[in-house]
Each structure stands twice: as structure tokens, then as C-alpha cells.
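Q: Attaching a single structure in C-alpha cells format; questions to follow.
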Amino acid sequence: MLTTYQEIRDRIYTLTRDLGMRVDRAETTPLFRLLLLYDDRQVVVARASVPVRGITSRALNDLQADLEHVSGKGWLL
């Protein structure tokens, strides 16, 4: 399981690039970054809140569930 923001961010960007998608940061707070994933038609296919600090197992589980439908089960492992 990934545990730092940098590891999580890199995994998301790698997966979306491999799937032909684009990532855009919609909002940033001290604890989370809201990401939008766009397909090749520029349609939002997923939203995810990526924890930046104080990363908990609940936040990681929520993130994994947010992107599971586009990245597949276990993408965060």
C-alpha cells in the first residue's frame, strides 16, 4: 500500500496516462487535493480526494474506491 502523497500522486498520474486520460487539480486544501480525471473526449470520468497530510487508512480506502471503476481493483496496492 502506498503511504505518502508523492507515491499516491505518481501512481495516479501513471495509471491515467496509461489509460489515455488526463488529470486536473480542481481544488486544494491543506489536507486534500481534489482531482478530476478526463477521458479522451474531455468528459470527467472520476473525481478523487487525494490525501496530502495526515494520511489515514480510511482516506486511502476512500481514494481507492473513488478510482476503482477506472483503474481497476487494487490499483493503490
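Q: Which far-off residues, 5 or more places away or on another chain, put their amide H under 5 Å from the one on residue 45, with H placed in the peptide plane?
A: 37, 38, 39
Q: Right, something else. Rounded to the nearest 20 Debye, what is the dipole magnitude of the chain about its Cα centre when Lys and Arg each give +1 and Asp and Glu each give -1 at the C-beta?
A: 140
Q: While we're here: On average, how much area does the Cα convex hull of the chain cover when viewed from any direction, in nm²?
A: One quarter of the hull surface, i.e. the mean projection, equals 4.4 nm².
Q: At a 1.4 Å probe radius, carbon and sulfur cover how many percent of the accessible area of the chain?
A: About 49 percent, which is the carbon plus sulfur part of the accessible surface.
Q: Loop only per DSSP, at most 16 neighbouring Cβ atoms within 10 Å: give me the chymotrypsin sites (Phe, Trp or Tyr not before Pro) in the stretch 26-77, ordered by residue number.
A: Answer by residue number: 75.
Q: For the stretch 1-42, list log₁₀ I(q)/I(0) at each q in 0.15, 0.24, 0.25 Å⁻¹, using the Debye formula over Cα point scatterers of equal strength and ignoring solvent, two decimals each.
A: -0.39, -0.88, -0.92
Q: At 1.4 Å probe radius, can you tell me the per residue accessible area of the stretch 1-59 in Å²?
A: Here the per-residue accessible area is 65 Å².
Q: Be a star and scan the stretch 1-33 for residues whose amide nitrogen sits under 17 Å from the point 7 Å along the Cα-to-Cβ vector of residue 70.
A: Counting backbone N atoms under 17 Å from the label point, the list is 8-28, 33.
The values are calculated or read from the model by the stated rules, or taken from the named source; none is laboratory data. The structure presented is a predicted model; accordingly, all values stated were derived computationally and were not measured. For neighbour counting, all protein chains shown are included, and Cβ atoms are generated from backbone atoms with ideal geometry for every residue, glycine included. Side chains are part of the model used for accessible areas, which takes the heavy atoms of the whole protein and leaves out ligands, DNA and RNA. Shrake-Rupley method; radii C 1.70, N 1.55, O 1.52, S 1.80 Å.
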